[in-house]
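Below is one structure, written out as structure tokens; the observations come after it.
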Amino acid sequence: NLYSRRSSKLVSVLVSTFTAAFVHGWGDHFHFAMEYLPAFDARAVVYPTDEILRDYLAWRQADCHINNQYNTCFWSLILSGLSKQESQATLKGTLTEHKNELLHSRFGINYSDLPPIYRKGTSLFRQTRKVQVKQTEEGEPVMRERTVIEVSHDDIIKDEFWIKNPHIMHK
């Protein structure tokens, strides 16, 4: 019951911690200075049923796919020499299958082969695991159940994910 589950406090701490981690880790991933200070948005929403929450999460994952596929096409077109305007015009009104064909025929990219982090996004959830907390004097590991944050790039739209992780919806 972190911060008594007050949504405003949770959002405030989450977004500020994320921003600090983002700035702190910048140099580990990029070899140029950050030009502008980052700003992130966060919100906490309470959904009335598990089904509505699951629909929302499925929509977010589908949106991740749509945005990534568009951006993969857009930047591939840019890198091939098209202007931003030409790239936008090329993609205007295209459907998923058109973008897949464009990536494959012009750039040799099979969208399905891209890492799941880009196609599915990232889901974080709590998971109970046995972890080593110390060693005995004899060097034997002492294991205890602890709650850890699990990082997943799995498909959360299909039932398989929810069957494998019923604890997320407290079932």
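Computed from Cα atoms, the angle from the helix 7-29 axis to the main principal axis of the chain rounds to 60 degrees.
Dividing the convex hull volume of the alpha carbon atoms of the stretch 95-163 by its residue count, what do you get in Å³ per residue? Could you put the intermediate results ahead of the total?
Numbers: hull volume 8.8 nm³, N = 69.
Cα-based convex hull of the stretch 95-163, divided per residue, equals 128 Å³.
Keeping all protein chains in place, calculate the accessible area per residue for the stretch 38-149 (probe 1.4 angstrom), answer in Å².
On the way: 8140 Å² over 112 residues.
It amounts to 73 Å² per residue over the stretch 38-149.
Against the chain, whose longest principal axis comes from its Cα atoms, helix 96-107 is set at around 70 degrees.
Among H65, H31, H104, which one shows the highest mean-square fluctuation when the chain is modelled as a Gaussian network with alpha-carbon springs under 10 Å? Answer for the Gaussian network model of the chain: H31. Full extension of the chain between F107 and R6 gives 31.5 nm of extra length, using 0.36 nm per residue less the Cα-Cα distance.
A 31 angstrom limit on the alpha carbon distance is what I want to check against. Which of K9/K92; K9/K84; K92/K164; K9/K120; K99/K158; K9/K134 exceed it? Those over the limit are K9/K92; K9/K84; K92/K164; K9/K134. Apolar share of the accessible surface for the chain: 55 percent from carbon plus sulfur atoms, 1.4 Å probe. If you build a Gaussian network model of the chain, linking Cα atoms that sit under 10 Å apart, which residue out of H98, H24, H153 swings the most? Comparing H98, H24, H153 in a Gaussian network model of the chain, the most mobile one is H24. For the chain, averaging the sequence separation of C-alpha pairs within contact (under 8 Å, six or more residues apart) and dividing by the residue count gives a relative contact order of 17 percent.
If you take P(r) over Cα pairs in 5 Å bins from 0, in percent from the coordinates, which of (i) 1, 8, 13, 16, 16, 13, 10, 8, 7, 4, 2, 1, 0; (ii) 1, 6, 8, 11, 12, 10, 10, 8, 5, 4, 4, 4, 4, 4, 3, 2, 1, 1, 0, 0; (iii) 1, 6, 10, 12, 15, 15, 14, 11, 7, 4, 2, 1, 1, 0 do you get? Among (i) 1, 8, 13, 16, 16, 13, 10, 8, 7, 4, 2, 1, 0; (ii) 1, 6, 8, 11, 12, 10, 10, 8, 5, 4, 4, 4, 4, 4, 3, 2, 1, 1, 0, 0; (iii) 1, 6, 10, 12, 15, 15, 14, 11, 7, 4, 2, 1, 1, 0, the one calculated here is (iii). Mind telling me which of F22, F161, F32 comes out most flexible in a GNM of the chain, alpha-carbon contacts under 10 Å? Highest fluctuation of the listed residues: F32.
The slack between D55 and R126, meaning 0.36 nm per residue of separation minus the straight C-alpha distance, is 23.6 nm.
Looking at the P(r) of the stretch 25-95, how many percent of alpha-carbon pairs lie beyond 14 Å?
On the way: 1870 of 2485 pairs.
Across the stretch 25-95, Cα pairs with separations above 14 Å total 75 percent.
The values are calculated or read from the model by the stated rules, or taken from the named source; none is laboratory data. Bear in mind the structure is a predicted one, so any value in this text is a computation, not a measurement. Side chains are part of the model used for accessible areas, which takes the heavy atoms of the whole protein and leaves out ligands, DNA and RNA. Shrake-Rupley method; radii C 1.70, N 1.55, O 1.52, S 1.80 Å.
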